[in-house]
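Below is one structure, written out as structure tokens; comments come after it.
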Amino acid sequence: MEKDIINTKDIIFIINPNSGKKQIHRIINQIKNHKSELSFFISSSYQDFFKFTEQNIQKYKVFVIVGGDGTINSSINLFYKYPDKILAIIPAGSGNGFAKETGFKKDLNSLVEDIVEGKTIEIDILEVNGKKFVNAFGIGFDSIVAHDFAGRKKRGLVSYTISVIKSIFTFKPFLAEITFENNTITGKFNMVVIANTSQFGNNARIAPSAKPNSNNYVAVLVKPFPVFIYPGFIIKLFTGKLKNSRYIEFNNNSSELIIKTSFQKYHIDGEPMLNNGIYNIKISSRKIKFIKTKSCKL
């Protein structure tokens, strides 16, 4: 763990207004009313966010991302090029998986204290076909849920639960060839997840042992199982009790992994995406620095 000298003038809050709108208004008011003068920028789009950040990258040392896992993912794909910069988070998304893993909460005053304290932690960056991520990549049932959830007008746990229930009855297992560490596994799967942290979000812990500063990731292979198994699977998912069984296999890995499949829907940190069915996954040679909060257990 490192420690940097940071003043409040070194901090800027980058705000995604498309995250929870009530939360965003509250956070902006907290920033404006803080005892120290804090800078902030409200982006109108990812392109706007990228342009502003690249133009102002040398003005600030700490960039606080106000948004959900998708906003954080976009930030990673920009900030990995600037290893001297430090990130922090005010969670304002639906799942907030990465923020939960790293101890970031919605308390602005506490976060500013943590930033000025200057303790930092280096987080592993993973790549899938060149796209960077820090939380989880998945194809299969979880990606079907991500695609369905993205199409819903309302966000939050209720809408996510509806997407999960719908997907249980529409999803079909897919055939895939998975190669890693000179080992090839071919078969049908419900899910293949590459986890840098333990959870998707909302404390749904798909890989309970995964840690984002361990220099490896956990490949989670979930084989097809009967519909009546789903309730037990979901209970274990949300209680962090998933373990190796006849239906699920965990592999700790640091080498390159290749997935070949006709299944084209996938997600990165909950953001739905499409691909031609070939997924090349590896740990990046770069890391990214985050503020270490008082709540961080890494």
For Asn73, all conditions in the list (1) buried (at least 24 other Cβ atoms within 10 Å of the Cβ); (2) under 17 Å from Phe200 (Cβ atoms) hold save one; what is the number of the exception?
-> (1)
Is one or more of the residues making up segment 162-170 in contact (Cβ under 8 Å) with a residue 60 or more places away in the chain, small (Gly, Ala, Ser) and either more than 22 Å from Ala92 (Cβ to Cβ) or open to solvent by less than 40 Å² (accessible area, probe 1.4 Å) (or both)?
-> no
Checked pairs for segment 26-52, first in contact (Cβ under 8 Å) with a residue 40 or more places away in the chain, second of a type in the set (S, T, N, Q) and open to solvent by 30 Å² or more (accessible area, probe 1.4 Å), C-beta under 8 Å and 6 or more apart or across chains, list as Gln30/Asn109; His34/Asn109; Ser36/Thr8; Leu38/Thr8
If you scan segment 204-221, which residues turn out to be farther than 24 Å from Glu177 by Cα and of a type outside the set (S, T, N, Q)?
-> Ala204, Arg205, Pro208, Lys211, Pro212
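Let's see how each residue does on (1) among the aliphatic types (A, V, I, L, M); (2) touching a Ser or Thr at 6+ places or on another chain (Cβ under 9 Å); (3) over 27 Å from Tyr160 (Cβ atoms):
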{"residue": "Ile27", "(1), (2), (3)": "yes, no, no"}
{"residue": "Ser43", "(1), (2), (3)": "no, yes, no"}
{"residue": "Val66", "(1), (2), (3)": "yes, yes, no"}
{"residue": "Ile89", "(1), (2), (3)": "yes, yes, no"}
Look through Ser245, Ser262, Ser254 and report the one residue that is under 16 Å from Ile194 (Cα atoms) and open to solvent by 30 Å² or more (accessible area, probe 1.4 Å).
-> Ser254
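Here is a yes/no grid of residues against (1) surrounded by fewer than 24 Cβ atoms within 10 Å (Cβ to Cβ); (2) under 29 Å from Arg152 (Cβ atoms); (3) at pLDDT below 90:
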residue	(1), (2), (3)
Ser45	yes, yes, yes
Asn56	yes, no, no
Leu78	yes, yes, no
Pro83	yes, no, no
Ile89	no, yes, no
Gly95	no, yes, yes
Phe98	no, yes, no
Which residue pairs have Cβ atoms closer than 7 Å, lie 6 or more positions apart in sequence or on different chains, and pair a first residue in segment 250-278 that is within 27 Å of Gly240 (Cβ to Cβ) and among the small types (Gly, Ala, Ser) with a second residue that is part of a loop (DSSP other than H, G, I, E, B) and at pLDDT 95 or above?
-> Ser254/Asn215; Ser254/Asn216
Where in segment 193-298 are there strands (runs of 3 or more DSSP E), lying fully within it, with 1 or more residues that are closer than 27 Å to Phe104 by Cα?
-> 217-222, 248-253, 265-268, 271-274, 278-291
Somewhere in segment 270-277, is a residue under 24 Å from Ala150 (Cα atoms), of a type in the set (Asp, Glu) and open to solvent by less than 60 Å² (accessible area, probe 1.4 Å)?
-> no
Working only within segment 130-154, note down all residues that are surrounded by 23 or more Cβ atoms within 10 Å (Cβ to Cβ), in contact with a Ser or Thr (Cβ under 7 Å, 6 or more places away or on another chain) and assigned to a loop (DSSP other than H, G, I, E, B).
-> Asn135
Among the residues of segment 83-92, is any assigned to a loop (DSSP other than H, G, I, E, B) and either under 21 Å from Asn203 (Cβ atoms) or touching a helix residue (DSSP H, G or I) at 6+ places or on another chain (Cβ under 9 Å) (or both)?
-> yes
In segment 15-27, is there at least one residue being at pLDDT 90 or above and open to solvent by 70 Å² or more (accessible area, probe 1.4 Å)?
-> no
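The values are calculated or read from the model by the stated rules, or taken from the named source; none is laboratory data. Bear in mind the structure is a predicted one, so any value in this text is a computation, not a measurement. Note: ideal-geometry Cβ built from the backbone for every residue, glycine included; neighbour counts use all protein chains shown. With ligands, DNA and RNA removed, areas are computed over all heavy atoms of the protein, side chains included. Shrake-Rupley method; radii C 1.70, N 1.55, O 1.52, S 1.80 Å.
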